[in-house]
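Below is one structure, written out as C-alpha cells; comments come after it.
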Amino acid sequence: MAQSEDHLFGVYARAPIEVERGEGSRLYDRSGREYLDFVQGIAVNGLGHANPVLIEALNAQAHKLWHVSNIFRIPGQDELAGKLCASSFADQVFFTNSGTEAVECALKLARKYHASKGHEERIDIIGFQGAFHGRTYAAVTAAGNQTYLDGFGPRLPGFVNVSLDDHDALRAAAEAPTAAAILVEPVQGEGGARALTDAELQMLRDLCDANGLLLIFDEIQCGMGRTGKLWAYEHSGVAPDVMCIAKALGGGFPIGACLATREAASGMVVGSHGSTFGGNPLAMAVGIAAFDEISKPELLENVVKVSGYLKQQLEGLKQAWPDMIADVRGKGLLIGIKLKPNNREMMALARDNGLLVAGGGENCIRMLPALNLTEADAREALDRLEKTFVAAREKAKETA
C-alpha cells in the first residue's frame with residue numbers, strides 16, 4: 001500500500017483500510033475483515049454495495065454502447081431527464097459527472113440568466129457558513145470554508161458568504177443590485193448535518209422573489225431519498241428555481257445533474273455550456289435504474305422507518321452516554337451525532353469496532369447508510385457504537 005500511495009497526491013487523510021469488496025451495507029478489506037459501512041462513499045451508494053439491479057443495468061449497457069459525444073442525441077438522457085422533471089419542480093436538466101460540476105453549472109446558469117435579461121452586473125452568489133458544494137474553484141469560493149481556500153490565491157469575485165442566523169447581513173446581500181442567486185443545502189452535510197427549518201427555507205424563497213434572485217438548492221447529499229422523500233425540499237414545500245444533485249443518482253457510478261425551471265435555464269443556449277463525459281450512455285443506464293429503485297414508495301418508507309428507529313435509539317444513547325453525545329441532528333438517513341470527545345479519534349475507535357462513519361463539522365460524526373438499510377443492521381451498528389463508547393472511556397482513563 002505504501003509503495004502505491006507514493007505515486008498519489010497526498011490530499012486525502014485515508015483510513016488504514018485496503019478495501020476489497022462490498023455487499024449491501026457490508027464492506028470487506030483485503031484480509032477479509034467485515035465492516036458495517038455507514039459511510040457508503042459519503043452517501044453515494046444509496047442502494048448499498050454491488051446492488052444487483054444496478055449491476056444488470058451496467059452490464060447490459062456495456063455490451064451495447066459506452067460513450068458518444070453530446071453532439072448526438074443520447075436516448076437515456078431524455079428518459080432520465082423526463083423522470084427527474086416529472087418528480088420535481090424542474091423543466092430541464094443538464095447532466096454532469098459529479099456534484100461539484102452540477103454546482104458549477106448552476107452558478108454559470110444564474111449569471112447567464114441575469115445577463116440574458118440585460119443585467120450583467122448581477123453576479124453575486126450568496127452562500128452560507130458551514131456549507132460544502134464540492135471542490136471546483138467556484139464551489140469552494142461559494143462555500144467560503146477557509147480550509148479549502150488557503151493557498152489557492154485570491155477568491156473569485158462575486159461571491160458573498162454569510163451566516164444563516166445573521167438575517168440583516170443576508171437581507172443586505174440579497175437586496176444588493178449585484179445579487180444574482182442564493183445557494184443553499186436544505187440539509188447541510190459536511191457542515192454538521194444541520195437541517196434548515198421550513199421557516200428558514202421559506203425566508204430564502206421570499207428574499208429571492210422580492211429581489212429577483214434565483215434560489216439554488218444543493219441536494220447533492222440530502223436529495224435522492226436520503227431524507228425519506230425523494231427530494232429534501234418536499235418536506236417544506238418550498239421549491240427552488242435550480243437544484244444540483246449527484247451521489248445516489250448513480251448509486252456509485254459517477255453522475256450529477258443540474259435541474260432548473262425553463263425560465264431559470266433560459267440563458268443556457270447553444271454553446272453556453274457543455275461536457276465531454278456528462279450524460280454518457282453508461283451513466284444514463286445506471287442512473288435510470290437507480291432512480292427507479294430509489295423512487296419506489298417502499299424504499300422511501302424504509303428510510304422513514306429505519307431513520308426513525310436510529311434517531312430514537314441515538315437519543316437514548318445520548319441519555320445513557322452524556323460524556324459522549326452532545327446532540328443528535330440531521331434528517332432521515334443523514335444523521336449527525338455531535339460528540340464531546342474528538343470526532344476524528346472516535347471515528348478511528350468505531351472503525352476498530354467494525355463500524356465505518358463519516359466526519360462532519362462542529363465535531364460531528366455522520367451516519368450515511370444505504371437507503372435500504374435493515375433494522376437489524378441498524379441495531380448492530382448501534383451495538384458497535386456503544387462498544388466504541390466503552391473503548392473511548394477506557395482510553396480516557398488511561399490518558400487521565
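For this structure, a couple of remarks:
- Residue in the range 118-132 that is small (Gly, Ala, Ser) and assigned to a helix (DSSP H, G or I) present: no
- Filtering the range 132-149 to residues that are within 19 Å of GLY359 (Cα to Cα) and among the aromatic types (Phe, Trp, Tyr) leaves PHE132, TYR148.
- Apart from one condition, ASP352 fits all of (1) among the acidic types (Asp, Glu); (2) over 30 Å from THR96 (Cα atoms); (3) touching a residue at least 60 places away in the same chain (Cβ under 8 Å); the exception is (3).
- The conditions of being under 13 Å from the mean Cα position of the chain (by Cα) and either farther than 19 Å from ILE125 by Cβ or surrounded by fewer than 24 Cβ atoms within 10 Å (Cβ to Cβ) (or both) are met by LYS247.
- Residue count for the range 20-58, restricted to those that are of a type in the set (Asp, Glu) and either surrounded by 20 or more Cβ atoms within 10 Å (Cβ to Cβ) or at positive phi (or both): 1
- Residue within the range 42-55 that is in a helix (DSSP H, G or I), without any contact (Cβ under 8 Å) to a residue 12 or more places away in the chain and within 30 Å of LYS229 (Cβ to Cβ) present: yes
- If you filter the range 59-84 down to residues that are aliphatic (A, V, I, L, M) and surrounded by 15 or more Cβ atoms within 10 Å (Cβ to Cβ), you find that the one that is farthest from ASP241 (Cα to Cα) is ILE74.
- Residues of the range 85-127 classified as of a type in the set (Asp, Glu), open to solvent by 40 Å² or more (accessible area, probe 1.4 Å) and more than 25 Å from PHE291 (Cβ to Cβ), total: 2
- Residues (open to solvent by less than 10 Å² (accessible area, probe 1.4 Å) and either within 18 Å of the chain's Cα centre (by Cα) or among the small types (Gly, Ala, Ser) (or both)) located in the range 146-184: ALA174, ALA179, ALA180, ALA181, ILE182, LEU183, VAL184
- Residues of the range 376-400 satisfying the condition of being open to solvent by 10 Å² or more (accessible area, probe 1.4 Å) and under 23 Å from the mean Cα position of the chain (by Cα): ASP377
- Selection count where residues are over 30 Å from LEU65 (Cα atoms), within 18 Å of the chain's Cα centre (by Cα) and open to solvent by 20 Å² or more (accessible area, probe 1.4 Å), scope the range 286-303: 1
- Within the range 294-311, no residue satisfies the criterion of being of a type in the set (Phe, Trp, Tyr) and not in a helix (DSSP H, G or I).
- Residue list for the range 195-219, filter: of a type outside the set (Ser, Thr, Tyr), open to solvent by 20 Å² or more (accessible area, probe 1.4 Å) and either closer than 30 Å to HIS119 by Cβ or assigned to a loop (DSSP other than H, G, I, E, B) (or both): ALA199, GLU200, GLN202, MET203, ARG205, ASP206, LEU207, ASP209, ALA210, ASN211, GLY212
- From the options THR141, THR227, residue that is in contact with a His (Cβ under 8 Å, 6 or more places away or on another chain), at pLDDT 95 or above and crowded, with 18+ Cβ neighbours inside 10 Å: THR227
The values are calculated or read from the model by the stated rules, or taken from the named source; none is laboratory data. Here the structure is a predicted model, which means the values were calculated and not measured. For neighbour counting, all protein chains shown are included, and Cβ atoms are generated from backbone atoms with ideal geometry for every residue, glycine included. SASA here: full protein model, heavy atoms, side chains in, ligands and nucleic acids out. Shrake-Rupley method; radii C 1.70, N 1.55, O 1.52, S 1.80 Å.
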